[in-house]
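Down below is the structure, laid out as structure tokens.
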Amino acid sequence: MQLFNTTVLVVLALLLSIGILNADTPAKTATLDSGIAVVQDSGYYQFKLDSMKQENDAHLRIVREGIGGGDNTVQVMGVFVPIVLFIGMAIVLVQLVVSSRKVKLAMVEKGMDPSLLKQPHDESSKKFSALRLGLLIAGIGLGLLIGWYIAWATQVEESQQFFITLGCSLSLGGVGLAMYHIIVRKIEKDK
């Protein structure tokens with residue numbers, strides 16, 4: 001409907017500009033093939049043109065200002081992203097449980113022991129769990145500190161400060177875990 005109104009608006013403006021429709025001409029009546037009488041009054045067309053222009057301007061103002069049904073994508077995303085996230089997590093968890101049960105049933109049908117699926121615990125991972133946790137937390141803490149300093153020193157926008165801090169903390173947390181594996185490998189090699 002909006003495209004039709006815009007098209008009619010352009011055609012009427014064109015007709016008024018080239019002089020086919022003139023406000024000085026008297027009203028004329030024409031009969032269409034269907035027998036409907038149509039008033040060909042330039043005042044009528046000018047009124048129609050003005051009202052369509054006002055309607056179009058009001059619609060554009062509403063869209064630009066976001067009043068009453070304008071573009072509120074951010075608000076909609078703020079509501080739907082958590083909903084979709086939790087639904088997605090639930091679907092993944094259900095599929096994980098269902099697939100593990102199917103695998104266990106298939107193993108029982110073939111005469112295999114389902115306890116073979118359980119991975120044996122490595123004793124070194126239990127021995128050095130405090131070291132792993134300590135290096136991970138130290139890396140994340142150092143990453144937060146460096147991320148906050150970078151955000152403060154560079155005067156970035158507030159919306160980007162979170163991502164800088166998050167990126168630094170995750171990166172240095174990963175460095176901490178890499179250091180853990182290097183240290184554990186060296187300790188086990190020395191034994």
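Readers should treat all values here as calculations from the given coordinates under stated rules, not as data from a laboratory. Treat the numbers as computed from the prediction; the structure is a model and nothing was measured. Here the Cβ is made from the backbone with ideal geometry for all residues, glycine too, and neighbour counts use every protein chain on show.
Worth pointing out:
- Taking θ as phi - 60° and the Karplus parameters 6.51, -1.76 and 1.60, the scalar couplings of region 98-108 work out to 5, 5, 5, 5, 5, 5, 5, 5, 5, 5, 5 Hz in sequence order, x denoting glycine and proline.
- Distance in nm between pseudo-label sites at Met89 and Met112 (7 Å out along the Cβ direction from Cα): 3.2
- Projected label points at Ile137 and Leu177, each 7 Å from Cα along the beta carbon direction, are separated by 1.7 nanometres.
- Net charge of neighbours whose Cβ lies under 15 Å from the Cβ of Glu109, counting Lys and Arg as +1 and Asp and Glu as -1: +3
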